[in-house]
Amino acid sequence: MNRLVRPGPPPVELVARSTGSGRRALVLLHGFPFDHTMWSPQLRDLEARMRILAPDLRGLGKSGLDPETGASLHTPAQDVLAWMDSEGIERAAVGGLSMGGYLAFELWRQAPHRVAELALFDTKAEADSEEAKGGRVAASEEIRRGGMAAVAEGMISRVLGSTTRARRPAVVEHVRRMMLSTNPEGALAALDALRTRPSSVADCPRISIPVLVVVGEEDVLTPVGVAQEMAASIPRAELRVVKEAGHVTSLESPEVVTRALRDLVDRSFPELNR
Ligand code: MLT
């Protein structure tokens, strides 16, 4: 794992998996409450073809947390740009799943010239509704009282599709492991960031780079209809619906996601394909 210390006060130590080589670069942003290992199948299958940077976002996975600055997507986006600087990646295809997708929008707002193409997995452009905000507050209270164990099983039943819950025990276990190893303080900061994130709806028509929108057909958190609407509002978007997968498509249907990312990166750097 690579390490990067972001200046404070207090300084925060972040970790990321950085692998592969070459001028094609892919940045992968994970969802909540997960870590970079939700991209393990893609890291394994794509590292021979390209550079891949998959950070643990601040407060999550094994990355540290500054409680003062954790509660927004602004700082995590600055972190990703700092990672790209330190890894010598000027421009990359950026893939984000759910919270990672919200962050991908924020990255595009902050530094559009560094984003070659976007892949938005199981995510949406809207900000939280009042009902969703209430759900974040309730989840935070449960985590304060009982830690991650208090919310993990309920979350598993919502983030994983029915097919995965019935037939893919290793994926269920992987997701449970990521949730239970999440630092509760980091989860609370992330819930605040999710609750207060800005809407990206007005940005969608202005995104002129090609965008791949991917959604699991069994995703109940960001359902197919939401992905269709988002894709329709982005001028150069292409929509792919993944069969027999819920919200965590990278683990639930890894081959389809790997292929989507490979196509995306090949398209992002056409000058290298000649
Ligand atoms: C995620 O997977 O990142 C979460 O579902 C995001 C959210 O709760 O909005």
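No value in this document is a laboratory result; all are computed from the given coordinates. Note that the coordinates shown come from a computational prediction; the quantities given were computed from them, not determined experimentally. Quick reminder, even Gly has a Cβ in these numbers, built from the backbone with ideal geometry, and neighbours come from all protein chains shown.
Among Glu126, Glu271, Glu90, Glu106, a tally of other beta-carbon atoms within 10 Å of each Cβ gives an order, fewest to most, of Glu271, Glu90, Glu126, Glu106. Computed from the C-beta positions of Ala48 and Ala170, the FRET efficiency with R₀ = 22 Å rounds to 0.40. Here the sum of -39500 (n - 2.57) over DSSP H runs of 4 or more residues, divided by the residues of the chain, equals -13000 deg cm²/dmol at 222 nm, to the nearest 500.
Using a/c under 1.5 as the rounded threshold, could you call region 57-106 rounded, prolate or oblate? The axes a ≥ b ≥ c are square roots of the C-alpha gyration tensor eigenvalues, and prolate needs a/b larger than b/c, oblate otherwise. Oblate, because a/c is 1.5 or more while a/b does not exceed b/c. Using the Cβ of Val265 as centre and a radius below 14 Å, the other residues enclosed give a net charge of +2, where K and R count +1 and D and E count -1.
In terms of the Cα gyration tensor, with a ≥ b ≥ c the square roots of its eigenvalues, is region 149-274 rounded because a/c is under 1.5, prolate because a/b exceeds b/c, or oblate? Note, shape of region 149-274 comes out prolate.
Other residues within the sphere of radius under 11 Å centred on the Cβ of His74, judged by their own Cβ, net out at 0 (K and R +1, D and E -1). Within the chain, DSSP assigns beta bridges of which about 30% are antiparallel (rounded to the nearest 5). Rounded is the label for the chain, because a/c, from the alpha-carbon gyration tensor with a ≥ b ≥ c as root eigenvalues, stays below 1.5.
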